[in-house]
1. Looking at (1) surrounded by 14 or more Cβ atoms within 10 Å (Cβ to Cβ); (2) closer than 15 Å to F129 by Cα, which one does V82 not meet, given that it meets all the others?
2. Taking the condition of being without any contact (Cβ under 8 Å) to a residue 24 or more places away in the chain and touching a strand residue (DSSP E or B) at 6+ places or on another chain (Cβ under 7 Å), how many residues in region 41-93 meet it?
3. Look through region 15-31, keep the residues that are over 9 Å from G45 (Cβ atoms) and small (G, A, S), and return whichever of them is surrounded by the most Cβ atoms within 10 Å (Cβ to Cβ).
4. Specify which of the listed residues (G45, G22) is of a type outside the set (F, W, Y) and at positive phi.
5. At least 2 residues that are modelled with pLDDT under 95 and basic (K, R) in each: list the strands (runs of 3 or more DSSP E) lying fully within region 15-120 that qualify.
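The values are calculated or read from the model by the stated rules, or taken from the named source; none is laboratory data. Nothing here was measured: the structure is a model prediction, and the numbers come from that model. Glycine also receives a Cβ, built like all others from the backbone with ideal geometry; neighbour counts cover every protein chain displayed.
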Amino acid sequence: MSGAERKEIRAAAKAALAAAPGLAEATQISAWVQSVDAESLPAYGVATPIERQDRIGHDLDQCDPTLVVVLKLLGGAEIEDVLDDQGDLIAPLVIAAVAAENRSCLLVQTETRAEGDGGKRVGTLTLTFTVTYWADV
């Protein structure tokens with residue numbers, strides 16, 4: 001419902017990622033970038049591509065934006081394990097950063113993908129959260 005609220009959600013998630021162990025020097029990218037050169041990795045992106053609104057009272061809407069966090073890493077044969085470890089680290093940080101007095105955040109989907117073969121593989125971790133807040137109409 002509110003572009004300002006979505007901006008605040010994205011900013012909170014980006015701040016959490018920038019402060020996460022191992023990601024302080026990571027490159028911030030658009031969440032929709034499909035290909036990133038190896039020199040730019042690790043890299044992360046944050047987006048709020050969808051927001052659903054439901055009227056729950058005469059003057060109150062429940063708003064549920066989807067928050068997507070994408071992390072791309074360079075790794076080897078165990079890249080899936082590294083992505084799982086990063087997801088376990090990042091998800092609680094994002095949830096804590098995004099949740100507020102009038103806002104909740106829940107991890108609803110985790111996706112990992114590894115591309116390439118041999119010694120250098122690019123792994124992509126996508127964490128999808130549902131954020132819920134309430135807005136006066």
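1. (2)
2. 4
3. In this case the residue turns out to be A16.
4. Exactly one of G45, G22 is of a type outside the set (F, W, Y) and at positive phi, namely G22.
5. Details: elements: 43-57, 60-75, 103-115.
So the answer is 43-57, 103-115.
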